[in-house]
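*Asks:* My questions all concern the structure below.
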Amino acid sequence: MVKIFICIAVIVSSTLIGKSLTDKHAKKLSFFSLLKDFNSSLKRNVKFRRQNLIELLDLKSNDEDFNCFLSSYKLKVLSKSDEECFYPKWIDNDDKYFLKSYIEGVGKNGSQSELDFINSYEEIIDEKLLKIKEDKRKFANLGQKLGFIFGVGLVVIII
Amino acid sequence: MLDFLDYNLKNKIISLFAKIFEVRLRQDKPVAVKGFDGEKVSVKYLSSSTTKNDLEKIIYSLCNYSVYSVEESLKNGFITSNDGERVGVCGSCVLSLDNVVTIKDFSSLCIRIPNDVKGCSNSYFNLFSGIRSCLVVAKPFEGKTTFIRDLGRNYANEYNVLFIDERDELSASGKFNLGKNADVIRYSTKKFGFYNGVRSYNPDVIVCDEIMSSDDLQAVQFALLSGVKVIASIHSNNIKNLLKKQFISAIFKNKLFDDIIVLDAFKPTLLKESQWLKYLSA
């Protein structure tokens, strides 16, 4: 009886570990989808309301990483600090560089140049989202499956 | 005050005077601060200078990290801070078809700090009962804006007063109390403010700062001829030179303002008609 419980626990935990290792695709998809929304709201804002960027950085979403990204940048500019703002742990260097150039570039232009800036980034974000969706489709269940197989293998060895 | 400046620089500036009127930041030159030390108005210099990078950071902070939101005022050479400080900007103008599109390569900033002196217009206000149109004449830095703000506030306790605050200096984004019956249109041109104000707000008095052109004057005339009293200011060192400005003489000829006040070192002097009539006929 104890052995059965141990076997189930091993399979479940290895499956979960496997899933969490490839979970970054889902996180990435959520993060960049919100970035696309943020970029669109910036565009509407520059065209119509012309609120300042600081007010827009108060945007709250259900993605904690994205909220931290915006609020840390707000804190950085308001405190006139040279420190880096928050970037999610799972992000690779290319994406980090992209986010840095984006967030540090917004608000620094007149309206027409700002719209050009936003539009150019909109295209890049769209391309990134397509790739992320493709990667998620390919790899999202891979970790889960590998974790499960690893767990089963471990159980066979234990038995 | 001066919240858009670096914390250390702000503290150094504030510690120089009991009351600060003006701060000038120039690229690679010491910071100049004009203020009142309790006895006289003087200028003091900080030992540190401002770099080009510092100026850019200040501009960016001044516009709340959103250059597009201050684009129109930047084209006119100034940005107003959240606390109503008017910052004149010098740099290289970018032109398109003879129009200034924006300013880049900032080289110096002139920060004017608004002062709200309650009661500074009382000597004039208490002379008459009822509302009177008045034109305040003074050269820069003589207290025109402070005077008309206080006069408007005095009237706003009893009458409906509309402030046309082209540069957000009169209300400082609501930081200055303008009286219980005050309405404020911020960042509007005089043309928009006067024409729409007369139509939509039913004001007894309209207050506006700095008549600069014949377009401004036309808007003021429209209100005066519509039966609305106007309190306005104009730059000039004396009435003789003021009347040399082509666009202004019509307002004197038609006697549209009830009173002309000349401010000298923050002290108002009410001019008699004979004092300006001789220059008009000349």
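The values are calculated or read from the model by the stated rules, or taken from the named source; none is laboratory data. All of these numbers come straight from a predicted model, not from anything done at the bench. Note: ideal-geometry Cβ built from the backbone for every residue, glycine included; neighbour counts use all protein chains shown.
*Asks:* Pairs please, first residue from region B:50-77 and more than 19 Å from A:E114 (Cβ to Cβ) and facing chain A (nearest Cβ under 7 Å), second anywhere and hydroxyl-bearing (S, T, Y) and part of a loop (DSSP other than H, G, I, E, B), Cβ atoms under 8 Å, 6+ apart in sequence or on different chains.
*Replies:* Short answer, once both residue conditions are applied: none.
*Asks:* Another question, then. Counting just the residues of region A:50-71 that are assigned to a helix (DSSP H, G or I) and of a type in the set (D, E), which one comes out nearest to B:L62 (Cα to Cα)?
*Replies:* Filtering first and then ranking leaves A:E55.
*Asks:* Turning to a different aspect of this structure: What number of residues within region A:12-28 satisfy the criterion of being at pLDDT 85 or above and either part of a loop (DSSP other than H, G, I, E, B) or crowded, with 17+ Cβ neighbours inside 10 Å (or both)?
*Replies:* Total satisfying the criteria: 2.
*Asks:* Of all residues in region B:87-106, which are among the polar types (S, T, N, Q) and either at pLDDT 85 or above or not assigned by TED's automatic domain parsing to the domain that holds B:V33 (or both)?
*Replies:* B:S92
*Asks:* For region A:95-117, give me each residue that is small (G, A, S) and either within 14 Å of chain B (Cβ to nearest Cβ) or closer than 18 Å to A:I54 by Cβ (or both).
*Replies:* A:G105, A:G107, A:G110, A:S111, A:S113
*Asks:* Sort through B:I164, B:I211, B:I131 and tell me the only one that's in a strand (DSSP E or B) and either among the hydroxyl-bearing types (S, T, Y) or in contact with a helix residue (DSSP H, G or I) (Cβ under 9 Å, 6 or more places away or on another chain) (or both).
*Replies:* Going through B:I164, B:I211, B:I131 in turn, the sole match is B:I164.
*Asks:* Among the residues of region B:143-157, are any part of a loop (DSSP other than H, G, I, E, B) and either in contact with a His (Cβ under 8 Å, 6 or more places away or on another chain) or crowded, with 21+ Cβ neighbours inside 10 Å (or both)?
*Replies:* Within region B:143-157, one or more residues are part of a loop (DSSP other than H, G, I, E, B) and either in contact with a His (Cβ under 8 Å, 6 or more places away or on another chain) or crowded, with 21+ Cβ neighbours inside 10 Å (or both).
*Asks:* State all residues of region A:76-94 that are away from chain B (no Cβ under 14 Å) and either part of a loop (DSSP other than H, G, I, E, B) or in contact (Cβ under 8 Å) with a residue 12 or more places away in the chain (or both); if no residue qualifies, say none.
*Replies:* Matches in region A:76-94: A:E83, A:E84, A:F86, A:Y87, A:P88, A:K89, A:W90, A:I91, A:D92.
*Asks:* Here's something else I'd like to know. Criterion first (among the β-branched types (V, I, T), surrounded by 18 or more Cβ atoms within 10 Å (Cβ to Cβ) and assigned to a helix (DSSP H, G or I)) does A:V46 satisfy it?
*Replies:* yes
*Asks:* Taking the residues in region B:3-16 that are assigned to a loop (DSSP other than H, G, I, E, B) and crowded, with 18+ Cβ neighbours inside 10 Å as candidates, determine which candidate is farthest from the other protein chains (Cβ to nearest Cβ).
*Replies:* So the residue we want is B:L16.
*Asks:* Taking A:S33, is it touching a residue at least 12 places away in the same chain (Cβ under 8 Å), within 14 Å of chain B (Cβ to nearest Cβ) and closer than 28 Å to A:E134 by Cα?
*Replies:* Considered against the rule, which asks whether it is touching a residue at least 12 places away in the same chain (Cβ under 8 Å), within 14 Å of chain B (Cβ to nearest Cβ) and closer than 28 Å to A:E134 by Cα, A:S33 comes out as no.
*Asks:* Give region B:13-44 a look and list any residue that's in contact with a Gly (Cβ under 6 Å, 6 or more places away or on another chain) and more than 24 Å from B:S107 (Cα to Cα), or say none.
*Replies:* Once the filter is applied, which keeps residues that are in contact with a Gly (Cβ under 6 Å, 6 or more places away or on another chain) and more than 24 Å from B:S107 (Cα to Cα), region B:13-44 yields B:F17, B:A18, B:K19.
*Asks:* A further question on this structure: Going through A:I103, A:I54 one at a time, which residue ends up being surrounded by 11 or more Cβ atoms within 10 Å (Cβ to Cβ), modelled with pLDDT of 85 or more, among the aliphatic types (A, V, I, L, M) and within 16 Å of the chain's Cα centre (by Cα)?
*Replies:* A:I103
*Asks:* Right, something else. Does any residue of region B:27-47 turn out to be under 28 Å from A:Q51 (Cβ atoms), out of contact with any helix residue (DSSP H, G or I) (no Cβ under 9 Å at 6 or more places or on another chain) and not charged (D, E, K, R)?
*Replies:* Within region B:27-47 (the criterion being under 28 Å from A:Q51 (Cβ atoms), out of contact with any helix residue (DSSP H, G or I) (no Cβ under 9 Å at 6 or more places or on another chain) and not charged (D, E, K, R)), the answer is no, since none of the residues qualifies.
*Asks:* Quick check on my filter: what residues within region B:255-272 are at negative phi and in contact (Cβ under 8 Å) with a residue 12 or more places away in the chain?
*Replies:* If the condition is that a residue be at negative phi and in contact (Cβ under 8 Å) with a residue 12 or more places away in the chain, then B:L256, B:F257, B:D258, B:D259, B:I260, B:I261, B:V262, B:L263, B:D264, B:P268, B:L270, B:L271 are the ones that fit.
*Asks:* Test of understanding: among B:E166, B:E158, which residue is over 15 Å from the mean Cα position of the chain (by Cα) and either on the phi > 0 side of the Ramachandran plot or of a type in the set (D, E) (or both)?
*Replies:* On inspection, the qualifying residue turns out to be B:E158.
*Asks:* Further question: Do you know which residues across region A:57-70 are of a type outside the set (A, V, I, L, M), under 20 Å from A:S101 (Cβ atoms) and either within 14 Å of another protein chain (Cβ to nearest Cβ) or crowded, with 17+ Cβ neighbours inside 10 Å (or both)?
*Replies:* A:D65, A:F66, A:F69, listed by residue number.
*Asks:* Here's another thing I want to ask about it. Can you find a residue in region A:106-123 that is modelled with pLDDT of 90 or more, crowded, with 18+ Cβ neighbours inside 10 Å and in contact with a Pro (Cβ under 9 Å, 6 or more places away or on another chain)?
*Replies:* The answer is no, given that none of the residues of region A:106-123 is modelled with pLDDT of 90 or more, crowded, with 18+ Cβ neighbours inside 10 Å and in contact with a Pro (Cβ under 9 Å, 6 or more places away or on another chain).
*Asks:* Here's a follow-up. Scan region A:145-154 and tell me whether some residue there is within 30 Å of B:D105 (Cβ to Cβ) and away from chain B (no Cβ under 11 Å).
*Replies:* The answer is no; no qualifying residue exists.
*Asks:* Kindly indicate whether any position in region B:103-111 is among the acidic types (D, E), in a loop (DSSP other than H, G, I, E, B) and surrounded by fewer than 18 Cβ atoms within 10 Å (Cβ to Cβ).
*Replies:* No: zero hits.
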